[in-house]
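The values are calculated or read from the model by the stated rules, or taken from the named source; none is laboratory data. In this text the structure is predicted, and so the values were computed from the model without any measurement. Positions of Cβ are generated from backbone atoms using ideal geometry, with glycine treated the same way; all protein chains shown enter the neighbour counts.
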Amino acid sequence: MSAAQVTFLFADGLGRTETAPAGERLTEVAERAGLLLLMDCSAGQCGTCVAHLVSGTVVLEDYDRAVLPDSDRLDGMILTCVARTQGSCVVEFSYDSVDASADPAPAFPGRVIACEPVADEIWTLRLQVDAPFEFLPGQYVRLRPEIDAPWRSYSMANAPGESELTFYVRIVPGGAFSTWLTERARPGAIVDIDGPRGVFFLRDEPRPRLFVAGGSGLAPFLSMLKASRPGAKHGPTTLLVGARSGAHLFAAEDLRAAQAADPDLVVRRFVERGDRSDCEAGFPTAGLTAGAVDPAARVYVCGPPPMVDAAREAVERAGLSRSDLLFERFS
Ligand SMILES: Cc1cc2nc3c(=O)[nH]c(=O)nc-3n(C[C@H](O)[C@H](O)[C@H](O)COP(=O)(O)OP(=O)(O)OC[C@H]3O[C@@H](n4cnc5c(N)ncnc54)[C@H](O)[C@@H]3O)c2cc1C
Ligand code: FES
């Protein structure tokens with residue numbers, strides 16, 4: 001595909017233009033131009049990155065219409081974090097260039113301790129870091145395994161404050177990070193780590209908690225469960241875990257440990273195909289019937305975009321409001 005000129009304009013009148021191949025993420029173009037655009041969720045869920053497309057076209061990947069209504073989209077507004085170039089374009093931000101030029105917290109190195117398959121399509125990656133890594137349980141970091149590789153986001157599955165970080169990665173055929181992990185990653189290799197990031201974290205409140213996980217979307221919940229201290233002031237926790245088949249389920253040991261630490265924790269597993277005596281058939285959203293959702297609960301949903309959408313609709317049908325829901329799409 002041919003290269004395009006992408007221009008970023010700021011409220012103080014300064015601009016920066018960078019050449020980019022069609023199809024590249026705007027965030028990656030901006031990074032090459034030395035810009036750190038304001039961003040939070042990086043997944044089209046929060047609206048922090050909204051900008052005005054002055055000219056040209058971009059393609060927006062999956063995002064929440066509540067964050068960017070179609071009427072705003074028609075008016076030329078875009079979510080930078082989910083935008084890919086389609087040719088030359090000019091994007092205008094409502095903040096000054098200085099706000100996009102601040103030095104980011106430096107990325108830091110992690111050394112690969114282990115990288116191996118743990119279930120069908122799921123690999124684990126364990127990284128050793130120099131100092132205990134603090135974050136809010138549920139948050140993610142960006143990982144860059146090689147200097148010229150793109151950054152990719154992955155949620156920690158370990159508890160905060162540890163020097164060993166654990167990730168669970170669903171292998172996407174042809175994906176940049178997936179290919180590195182399955183074909184080139186070796187113990188001892190260095191991975192750049194950037195973060196922590198994100199607003200999908202465990203709230204400290206006395207409400208019941210309903211966790212809905214699809215595929216590798218279980219990862220942030222493992223961190224949340226490990227971070228929950230016995231006797232902490234929260235209501236009972238229910239975890240609905242979905243996987244394509246029994247062979248796709250992972251982290252059984254972690255879930256057993258979490259249940260041993262919290263006898264009130266209820267774990268229900270759902271598989272789309274195949275028989276397993278300890279699993280229910282279908283999607284985890286099948287567990288979100290009106291009677292089954294405690295109206296006092298905070299609901300956390302994480303996984304592939306279609307599952308997150310289905311879970312959100314089911315929870316709203318069950319009578320909870322939008323503010324009772326937190327979700328993260330692994331897009
Ligand atoms: C906040 C957040 C947290 C996340 N946490 C996790 C997590 O804990 N675990 C997890 O598994 N995932 C997580 N994800 C998803 C993860 O960041 C990646 O999107 C995912 O792992 C795929 O990355 P990849 O580099 O392997 O694939 P990519 O390179 O992004 O490719 C994705 C798809 O595009 C296709 N593709 C790639 N290049 C091209 C091309 N040139 N032309 C056409 N098609 C192409 C690939 O074949 C593939 O189907 C998270 C995402 C977000 C936003
Ligand atoms: S950073 Fe783009 S919508 Fe959240």
**Study point:** Selected residue (only one of Leu74, Leu68, Leu36, Leu53 is more than 14 Å from ligand 1 (Cβ to nearest atom) and in contact with a helix residue (DSSP H, G or I) (Cβ under 6 Å, 6 or more places away or on another chain))
**Key:** Leu36
Point to revise | Extreme residue, surrounded by the most Cβ atoms within 10 Å (Cβ to Cβ), among residues of the range 243-268 that are farther than 20 Å from Ala286 by Cα and in contact with a Pro (Cβ under 9 Å, 6 or more places away or on another chain) | key: Asp262
Review point. Hey, among Ala281, Ala318, which residue is more than 20 Å from Arg170 (Cα to Cα), away from ligand 1 (no atom under 14 Å from the Cβ) and modelled with pLDDT of 85 or more?
Key: Ala281
Point to revise | Hits in the range 133-170 (condition: farther than 28 Å from Ala257 by Cα and of a type in the set (Val, Ile, Thr)) | key: Ile147
Practice item. Only residues that are more than 23 Å from Phe330 (Cα to Cα) and in contact with a Leu (Cβ under 6 Å, 6 or more places away or on another chain): list them for the range 62-76, please. Key: Gly76
**Study point:** Flag if Gly215 is within 16 Å of ligand 2 (Cβ to nearest atom), within 14 Å of the chain's Cα centre (by Cα) and within 24 Å of Asp309 (Cα to Cα)
**Key:** no
Check your understanding: Restricting attention to the range 89-98, does a residue exist that is within 16 Å of ligand 2 (Cβ to nearest atom), free of Cβ contacts under 8 Å to residues at least 24 places away in the same chain and not in a loop (DSSP other than H, G, I, E, B)?
Key -> no
**Study point:** Residue list for the range 21-54, filter: part of a strand (DSSP E or B) and within 23 Å of Asp194 (Cα to Cα)
**Key:** Arg25, Val50
Study note, to complete from the structure: Filtering the range 1-54 for residues that are among the β-branched types (Val, Ile, Thr), modelled with pLDDT of 90 or more and under 25 Å from the mean Cα position of the chain (by Cα) leaves a count of 2
Review point. Quick one: would you say Asp12 is within 14 Å of ligand 1 (Cβ to nearest atom), assigned to a loop (DSSP other than H, G, I, E, B) and of a type in the set (D, E, K, R)?
Key: no
Point to revise | Residues within the range 51-77 that are crowded, with 17+ Cβ neighbours inside 10 Å and either in contact (Cβ under 8 Å) with a residue 40 or more places away in the chain or on the phi > 0 side of the Ramachandran plot (or both), tallied | key: 1
Check your understanding: Just a yes or no: is a residue in the range 108-116 modelled with pLDDT of 85 or more and either in a loop (DSSP other than H, G, I, E, B) or within 14 Å of ligand 2 (Cβ to nearest atom) (or both)?
Key -> no
Practice item. Please indicate, with yes or no, whether at least one residue in the range 186-194 is buried (at least 19 other Cβ atoms within 10 Å of the Cβ) and within 23 Å of Ala227 (Cα to Cα). Key: yes
Exercise for review: Identify all residues within the range 104-116 that are surrounded by fewer than 19 Cβ atoms within 10 Å (Cβ to Cβ) and touching a residue at least 60 places away in the same chain (Cβ under 8 Å); write none if there are none.
Suggested key: Pro104, Ala105, Ala107, Phe108, Pro109, Arg111, Val112, Ile113, Ala114
